[in-house]
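This report refers to the structure that appears directly beneath it.
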């Protein structure tokens, strides 16, 4: 379970490793930028929303690439 922004970051980097090598740099940059853009956020409820959305987005990206491999 992801409880902190640091654990979310680690989780997202692990998810990126499941992607094809040519896509990994793009998504690493995307994750880094997302953390930088929300670094000043201090509302716990908003942070929770951002974290939930990041996990959903990561699952969607992994699914997208896994379906590409099946075609």
Worksheet item: Helix 5-16 sits at what angle to the longest principal axis of the chain, using alpha carbons and giving 0 to 90 degrees rounded to 10?
Response: 10 degrees
Worksheet entry | Whole-number percent relative contact order across the chain, with pairs defined as alpha carbons under 8 Å at least 6 apart | 41 percent
Item to complete: Would you kindly state how much longer the chain becomes between residue 1 and residue 65 on full extension, computed as 0.36 nm times their sequence separation minus their alpha carbon distance, in nm to one decimal?
Response: 20.7 nm
Worksheet item: To the nearest 10 degrees, how steeply does helix 44-70 sit against the main Cα axis of the chain, on a 0 to 90 scale?
Response: 0 degrees
Worksheet item: Cα axis of helix 21-37 to longest principal axis of the chain: angle in degrees, 0 to 90, nearest 10?
Response: 10 degrees
Fill in: Taking only Cα atoms of the chain, radius of gyration then Dmax in Å
12.8, 43
Worksheet item: Between residue 18 and residue 37, how many nm apart are label points set 7 Å from Cα along the C-beta direction?
Response: 2.3 nm
Fill in: Computed [θ] at 222 nm, helices only, for the chain once each DSSP H run of length n ≥ 4 contributes -39500 (n - 2.57)
-27000 deg cm²/dmol
Fill in: Packing-based order for 41-51, 12-22, using average beta carbon neighbours within 10 Å, highest first
12-22, 41-51
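Laboratory data are not the source of any read-out in this text; all were calculated from the coordinates shown. Here the structure is a predicted model, which is why all the values come from computation and not from measurement. Cβ: placed from backbone, ideal geometry, glycine included. Neighbour counts: every protein chain shown.
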